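The values are calculated or read from the model by the stated rules, or taken from the named source; none is laboratory data. In this text, all values refer to a predicted model and were calculated from it rather than measured experimentally. Positions of Cβ are generated from backbone atoms using ideal geometry, with glycine treated the same way; all protein chains shown enter the neighbour counts. Accessible surface is based on the protein model in full, side chains and every heavy atom, while ligands, DNA and RNA are left aside. Shrake-Rupley method; radii C 1.70, N 1.55, O 1.52, S 1.80 Å.
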Amino acid sequence: MLAAPPTPLICIDPGHGTIPAIGRQTEPIGPSSSQLKIKDGGGTAGEAPVALAIALRTRAMLRRDGYRVAMTRTGRTYAGGNIERARFCNVRHAALMIRIHADGSSDSSLHGLKTLVPALHRGWTDDIYSSSIRAGRKVQSAVVRQTRALDLGLLQRSDLTGFNWANVPAILVECGFMTNPAEARLLRSNAYQSKIARGLTAGAEAFAPL
Ligand SMILES: [Zn+2]
């Protein structure tokens, strides 16, 4: 008799919140790289609590639907870098790592929602490149459908430590701009956080069906 496949585990990584003493440290941008990058620049003002609130809502929805969920942080602070965040998801063999962030810009008119995905880098991301793009497309369209936010599409990034160390499909959703007053108001509201969480849940479930 065949064993039933395990229930997919979705790993949720609410960005930032790193305690400053650790956040200021650096870490290699990818395995055996000599290029060092700060562990956490802190993010844009107000980003860390919004990311956590959206993550907690998403966890509740995924669990209600029967998924296993692990979160890199469930409290205000985190005591690790982006390598630890990636490893946390790797060792759990996550079906998907969803990193939740919000954007900032000196141009307060900018608004909208985009999903970052790993760029192709042999030895670092070639194992997760295509699957991450597939996940990114599904999540981006589901979140835009729920929120009706401006669709800024997918963006491939080669400079994100949390992607370069990931061995599981990984995406980073920039849920909107904290520097746009109207969008920031939405991002802080329960109703809009729930819409984003519904989109993240629908996208993750489309990518990793039960
Ligand atoms: Zn961020």
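For this structure, a couple of remarks:
- Carbon/sulfur fraction of accessible area - region 95-210, other protein chains in place, 1.4 Å, %: 50
- For the pair Ala21 and Ala60 in one chain, pulling the backbone fully straight at 0.36 nm per residue adds 10.9 nm over the alpha carbon distance.
- Euclidean distance of C-alpha centroids, region 178-210 and region 1-58, integer Å: 17
- Partners for Lys37 among aspartates and glutamates (Cα-Cα distance below 17 Å; same-chain residues under 8 apart left out): Glu27, Glu84, Asp159
- Length gained on full extension, Asp151 to Asn190: 11.9 nm, using 0.36 nm per residue less the C-alpha separation.
- Burial order of peptide ranges 162-168, 88-94, 73-79 (average beta-carbon count within 10 Å, highest first): 162-168, 88-94, 73-79
- Derived scalar couplings between HN and Hα for region 147-157 equal 8, 6, 6, 4, 8, 8, x, 9, 9, 7, 10 Hz in order, rounded to whole Hz, by the Karplus curve 6.51 cos²θ - 1.76 cosθ + 1.60 (θ = phi - 60°), x for Gly and Pro.
- Using the Cβ of Asp65 as centre and a radius below 12 Å, the other residues enclosed give a net charge of +4, where K and R count +1 and D and E count -1.
- Beta-bridge orientation, region 17-162: approximately 35 percent antiparallel, per DSSP, counting only bridges with both partners inside.
- Mean-square fluctuations from a GNM of the chain, with a 10 angstrom spring cutoff on Cα atoms, peak among Ala86, Ala184, Ala45 at Ala45.
- Near Asn82: Cβ cut-off under 10 Å, other residues only, Lys/Arg at +1 and Asp/Glu at -1. The net charge is +1.
- Amide hydrogen neighbours beyond the local backbone of Val168, cut-off 5 Å, H modeled: none
- Pairwise label distance in nanometres, Ser106 with Ala4, each label 7 Å out on the Cα-Cβ vector: 5.6
- Taking the helices alone, the chain has a mean residue ellipticity at 222 nm of -12000 deg cm²/dmol, built from -39,500 (n - 2.57) per DSSP H run of at least 4 residues and averaged over all its residues.
- Between the amide H of Gly42 and any residue lying 5 or more places away or on another chain, no distance stays under 5 Å, with hydrogens modeled in the peptide plane.
- Net length gained if the chain between His93 and Asp127 were fully extended (0.36 nm per residue, minus Cα distance): 10.9 nm
- Percent RCO, i.e. relative contact order, over the chain, from Cα pairs under 8 Å lying at least 6 residues apart: 28
- Average accessible area per residue (Å²) across the chain - probe 1.4 Å, nucleic acids and ligands excluded: 46
- Charge context of Val144, other residues only, Cβ under 14 angstrom, K/R +1, D/E -1: +4
- Long-range amide H partners of Phe177 with built H, under 5 Å: Asp103, Gly112
- Expressed in units of 2.2 N^0.38 Å, where N is the residue count, the Cα radius of gyration of the chain is 0.96.
- Applied to region 107-118, the Karplus parametrisation 6.51 cos²θ - 1.76 cosθ + 1.60 on θ = phi - 60° returns per-residue 3J(HN,Hα) values of 9, 6, 7, 5, 8, x, 10, 9, 10, 8, 9, x Hz, with x for Gly and Pro.
- Here the simple spin-label model places points 7 Å from the Cα toward Cβ, and for Ala206 and Ser33 these points are separated by 3.0 nm.
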